[in-house]
Amino acid sequence: MNAPNKSGWKPAMTPDNGASAGTGTLTGNRALMLEEPLLFEIGHAETTGVDLELVEAELPNRLGGMERKGSIGLVGLTEPETVRHYTRLSRQNYGIDLGFFPLGSCTMKHNPRLNEKVARMPGFADVHPMAPASTAQGALQVVYELGDWLKKLTGMPAVAMSPKAGAHGELCGILAIRAALTARGDAREVVLCPESAHGTNPATAAFAGYRVEDIPATPEGRVDVDALKARLGPDVAAVMITNPNTCGLFERDFKVIADAVHEAGGFVYCDGANFNAIVGKVRPGDLGVDAMHINLHKTFSTPHGGGGPGSGPVVLSEALAAYAPLPFVRKTGDLYELVEEEDAAAAETSFGRMTAFHGQMGMFTRALTYMLSHGADGLKQVSEDAVLNANYILRSLEDLLHAPYADSGPCMHEALFGDKDFGNGLTTLDLAKALIDEGYHPMTVYFPLVVHGAMLVEPTETESKATIDQFISAFRSVAQRALDGDESMKHAPYYAPRRRLDETQAARKPVLAWEGDRET
Ligand SMILES: *Cc1c(COP(=O)(O)O)cnc(C)c1O
């Protein structure tokens, strides 16, 4: 592959001078890392990976004139070419199975293989969403029992299992709140979100038709309770608060806030994405929560899986239970049934549906396996170890890096740092890119917005002390270089399959389709 190809990849740059080492004679491959062109560049229309018998007979046209008139220009590849293409691409990616993944607020924990084994059992893996309930009792039992665990762990009376991710769960919770308000003839228009809220919170509220207003944070990184109380009134439908919050701190005044919101006739939405820090220790229901989503792909160890599938069940208070979406699983005696629109009583109050079917079966199976293999005691240890690991990182770096809330007490699941005193105009982005060269996926950067150049590190409980020590030493080394103003960091990473990408161009002018010549 000597000619420059159409996707525009160039041979790798040398690390020391950033100049191209390529003269047209190199492949761009480095050691066993192979450059990978597009399928369209390696395949040919005349190649095929399957060997089908030619059909001579004229087939009746059953497509009513919709049949294809010519080639659609797809290339064919042999089976080895196909396997190698995708295997090479997968090696250019970074995943939790490859190394430590300290992405704050994402709870990137190990996905236990026991979960995978259970999820692949044919009775679970092959069950069809349209299967009659009488033939899918085991699957419905999994959905029911998982929901039961979630209710017990959160101290909440009801749960909606169908939302497919955290943000989808937020929408479900806010729609339940809107349905409850509508039912009492109360057209409130405002949802309050703290400054440090995850972006999905205001997005959800706006999507559901609410006007979003900010609530400031105190200097110690928690919700300003006085400012929030002052804003409450007959136009406030709900308050959305993340607890533990995205500064990695527990909102100690949550109960006080919830009481005030209820007093003012509003509802309390808790973003439960960070439940990993408190599972088994705190029941959000005891704090006055009305609705809270739980990310099974965070706290309960199911894979984040390249953007999906996630799963975001929502627990609901007594006040919201009747408005939960359909369908849901009900247990009568020993029988499990899926309650659908035909159930007049449920359909009367439910706000509608979030999804076509009952939710993410594969994630339910994995999450329940995780819960059963840990037990209630084990889940308590999960949160204790996750918090211990995060505090270990916080205390191992606070002498070097600016740690804005280090004095607000121990952190919860994640440690937060800022870019204060970086030399030579270096930024958090430069540090993050330099960390790639050390073999780590960078932490979450520039979030939460309340800290300048934020770096949010969440180790989770599944990492050993040895792994965390190694990360700390790499992190200290790049942090020291940033403080010293090491110019070379501006061009990092040097050792990744790609150097620094133009993220602005990628966002503004995304190239989503290959438009080269199709040789067909
Ligand atoms: C991850 C996360 C979400 C969104 O969850 P998704 O499953 O990614 O949709 C919402 N809030 C917080 C605090 C999160 O960390």
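Remarks
- Screening the candidates 205, 179, 197, 187 for the property of being hydrophobic (A, V, I, L, M, F, W, C) and under 22 Å from residue 326 (Cβ atoms) yields one hit, 179.
- Pairs, first closer than 20 Å to residue 217 by Cβ in the stretch 244-268, second assigned to a loop (DSSP other than H, G, I, E, B) and of a type in the set (Lys, Arg), C-beta under 6 Å, six or more apart: 249/222; 251/222
- The one condition in (1) surrounded by fewer than 22 Cβ atoms within 10 Å (Cβ to Cβ); (2) in contact with a Cys (Cβ under 6 Å, 6 or more places away or on another chain); (3) part of a strand (DSSP E or B) that residue 214 fails to fulfil: (2)
- Wholly enclosed strands (runs of 3 or more DSSP E) of the stretch 239-339 bearing at least 2 residues farther than 24 Å from residue 206 by Cβ: 328-332, 335-339
- Residues of the stretch 197-215 classified as closer than 13 Å to residue 241 by Cβ and not polar (S, T, N, Q), total: 6
- Some residue of the stretch 198-213 being modelled with pLDDT under 95, small (Gly, Ala, Ser) and within 13 Å of the ligand (Cβ to nearest atom): yes
- No other residue among 267, 275 is modelled with pLDDT of 95 or more and within 16 Å of the ligand (Cβ to nearest atom) apart from 275.
- The stretch 363-404: number of residues that are touching a Gly at 6+ places or on another chain (Cβ under 8 Å), open to solvent by 30 Å² or more (accessible area, probe 1.4 Å) and over 16 Å from residue 279 (Cβ atoms): 2
- Criterion applied to 429, 435 was being part of a helix (DSSP H, G or I), aliphatic (A, V, I, L, M) and open to solvent by 40 Å² or more (accessible area, probe 1.4 Å), and the one residue passing it is 429.
- Among residues of the stretch 157-195, those that are among the hydroxyl-bearing types (Ser, Thr, Tyr) and open to solvent by 10 Å² or more (accessible area, probe 1.4 Å), counted: 1
- Residue within the stretch 68-82 that is open to solvent by less than 40 Å² (accessible area, probe 1.4 Å) and modelled with pLDDT under 75 present: no
The values are calculated or read from the model by the stated rules, or taken from the named source; none is laboratory data. In this text, all values refer to a predicted model and were calculated from it rather than measured experimentally. Positions of Cβ are backbone-derived with ideal geometry, glycine not excepted, and every protein chain shown enters the neighbour counts. Heads up: the accessible areas ignore ligands, DNA and RNA and are worked out on the full protein's heavy atoms, side chains in. Shrake-Rupley method; radii C 1.70, N 1.55, O 1.52, S 1.80 Å.
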